[in-house]
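The values are calculated or read from the model by the stated rules, or taken from the named source; none is laboratory data. If you're wondering where the values come from, they're calculated on a predicted model, not measured in any experiment. Using ideal geometry, Cβ is built from the backbone for each residue, glycine included, and neighbour counts are taken over all protein chains shown.
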Amino acid sequence: MSVATSPVILASSSPRRQELLAQAGVQYTVHVSGCDETQTPGESAQEMVERLALLKAKEVARHYPDAWVIGADTTVFIGGVCLGKPTSTEEAFEMLKAIQGKTHQVWGGIAIVRERSQHAICWSHVTSVTMCAMSDAMIRQYVATGEPLDKAGSYAIQGIGLQFVDRIDGSYSNVVGLNIASLMEKLRELQSHAERT
């Protein structure tokens, strides 16, 4: 994917998102947003990931008015509760205990902002993920690897956590952190429109 007319900037420090962009052939740079990622009262999972993705992209776009800035946010949702990144091993254990043997939703928000041309779009995807049954001992063994500690919902589908995923319904890359097929489609559309105007 060539976006020669404007640089592409990813407003995320996530290695998973960076790998997905690189695999898609996108040349990009990283500028991490310092936005507060706290969920607001009464906000749904979909509303939260879309708001935060757009907030991150807009924050970074102020520094690069000619660039396509990509913002993204991901959360795990089950039983009316959003599960973000755990703050401790015990919280990771509790999150995994809550989702083991059940189906949860992974919501992923994406935003693309280009300040100079006043482009700002935001959308989201949901993927249903069913986890295998996990004993407390299995969960503690997985938490001890350290992998769950910086992942929404406390597991990495692209890592050791894959062994606990029974099935998914929807985009796999959305669970990893970025629905890459949808993002690339939108980037191509925006680039094409920008070149015509």
Only listed residue being out of contact with any Pro (no Cβ under 9 Å at 6 or more places or on another chain), under 30 Å from TYR28 (Cα atoms) and not hydroxyl-bearing (Ser, Thr, Tyr), chosen from GLY108, GLY79: GLY108
Failed item in (1) acidic (Asp, Glu); (2) touching a Lys or Arg at 6+ places or on another chain (Cβ under 9 Å); (3) at pLDDT 95 or above, with GLU50 passing the rest: (2)
Filter result for the condition that a residue is polar (S, T, N, Q) and at pLDDT below 95, over THR197, THR127: THR197
Where a residue in the stretch 40-66 is under 17 Å from HIS125 (Cα atoms) and of a type outside the set (Ser, Thr, Tyr) and its partner, wherever it lies, is assigned to a helix (DSSP H, G or I) and at pLDDT 95 or above, with Cβ under 8 Å and at least six apart: GLU43/ARG51
Helices (runs of 4 or more DSSP H) (entirely within the stretch 105-197) containing at least 3 residues that are touching a residue at least 60 places away in the same chain (Cβ under 8 Å) and buried (at least 21 other Cβ atoms within 10 Å of the Cβ): 172-176
Criterion violated by LEU55 - all others in (1) out of contact with any Cys (no Cβ under 8 Å at 6 or more places or on another chain); (2) more than 19 Å from ILE180 (Cβ to Cβ); (3) among the aliphatic types (A, V, I, L, M) satisfied: (1)
